[in-house]
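Each remark here refers to the structure printed beneath this line.
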Amino acid sequence: MKIFKQVTANNIELTPYPFKRELAMEAYLVENEEVLSLDNENFTEVAVLDEEIALKKGRKNRDGRIDILSSYGAEYLAIVELKLGVIDDNALRQLESYLEQKKQFLKMEKYWEEEYEPKWIGVLVGSSVSPDLQEKLMQGYTYNDTPIAGIVLNRFRGADGNIFVISDTYFSYKYTSKDYSKFKFNNQTYNKGRLVNAVVRAYVDQNPKTTFAELSAAFPKEIQGSFGVFDKTSRAEQIHNDSGRKRHYIKPNEVINLGDNEIISTCTQWGPLNTEAFIENAKKLGFDIELV
């Protein structure tokens with residue numbers, strides 16, 4: 001049986017335009033890493049670290065090669081396995097075999113710079129998902145305590161030649177208070193990185209003449225660690241250009257203007273420990289933050 005699928009967006013008729021090769025899908029995700037976001041809490045600040053990485057004994061009795069290695073904020077590393085077609089139990093077993101060898105990446109210092117070990121997650125990406133796997137993922141499937149997510153990507157082309165990609169995510173993660181995943185501040189809900197951005201912005205709004213030096217005194221660098229709570233946007237952009245990894249919020253609607261005409265970007269790299277330190281500091285400055 002053939003299934004005819006038609007999608008219409010803003011009165012533009014779209015026809016299926018599937019990826020012809022896994023490398024084309026991989027290239028799209030590298031250029032559009034935000035598609036790998038899994039929720040609005042811990043798994044939003046995505047950075048693709050590398051692709052096509054050799055992995056010893058990654059395929060049971062032989063070596064393997066993972067498609068994409070990515071990070072989620074300052075806590076997680078993710079192994080991403082791509083399939084042109086359906087992601088199913090066979091794809092899941094392949095991803096699980098890669099996850100068994102995940103500690104090989106910690107020997108490569110360029111992938112993990114923190115003193116503590118990362119948490120891990122596995123991500124399957126394909127053009128469809130089998131019913132059995134979909135049910136597993138929606139119930140919160142884990143492999144050796146590693147959560148597994150699934151993303152279905154479908155690409156379409158309009159009559160005008162514009163390309164549209166639609167994604168569906170299948171993922172259920174059981175958060176606990178230890179995850180420090182969601183916060184309420186000024187009647188809005190934020191994840192870790194967005195909370196920091198909102199609090200620093202609120203401080204500057206209350207103190208519009210604040211200079212870079214004064215803000216650095218109010219939010220000391222050691223609260224976050226290696227990158228600091230914030231940096232000049234020019235430096236943040238340079239870090240992104242040099243490393244290929246976005247460590248700060250650098251979009252025009254994310255940056256913050258200071259009283260001495262400096263423009264800053266807050267850091268995206270937040271885990272439970274430095275988030276807790278940030279909240280303690282924010283409360284000393286008079287801000288009320290509630291863990292949801």
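Values in this text are rule-based calculations from the coordinates and carry no lab data. As the structure is a prediction and not an experimental result, all values here were calculated from the model. So basically every Cβ, Gly included, is an ideal-geometry build from the backbone, and we count neighbours across all protein chains shown.
Counting only Cβ charges, +1 for Lys and Arg and -1 for Asp and Glu, the dipole size of region 182-249 around its Cα centre is about 300 debye. When the chain is treated as a GNM with alpha-carbon contacts under 10 Å, the residue of 55, 92, 69 showing the greatest mean-square fluctuation is 55.
Each helix, a run of at least 4 DSSP H residues, gives -39500 (n - 2.57); summed and divided by the residues of the chain, these come to -7500 deg cm²/dmol at 222 nm.
Taking Cβ atoms as reference points and 14 Å as the exclusive limit, the residues near residue 26 contribute a net charge of -3, counting Lys and Arg as +1 and Asp and Glu as -1.
In the neighborhood of residue 149, defined by Cβ-to-Cβ distances under 12 Å, what is the net charge if each Lys or Arg adds +1 and each Asp or Glu adds -1? If you can, show how the numbers build up before the last one.
Values: positive: 136; negative: 39, 81, 168.
Residues close to residue 149 contribute a combined charge of -2.
Our summary gives region 7-174 a relative contact order of 21 percent, counting only alpha carbon pairs under 8 angstrom and 6 or more residues apart. Between 229, 129, 46, the GNM of the chain built on Cα springs shorter than 10 angstrom shows 129 fluctuating the most.
Build a GNM of the chain with springs between Cα atoms under 10 Å apart, and of 274, 154, 207 the one that fluctuates most is 207.
The angle between the Cα long axis of helix 89-99 and the main principal axis of the chain comes to about 50°, on a 0 to 90 degree scale. Note: relative contact order over the chain, using C-alpha pairs below 8 Å and six or more positions apart, is 15 percent. Select from region 258-290 those chymotrypsin sites (Phe, Trp or Tyr not before Pro) which occupy a DSSP coil region and have at most 15 other Cβ atoms within 10 Å, ordered by residue number. Filter output for region 258-290: empty list.
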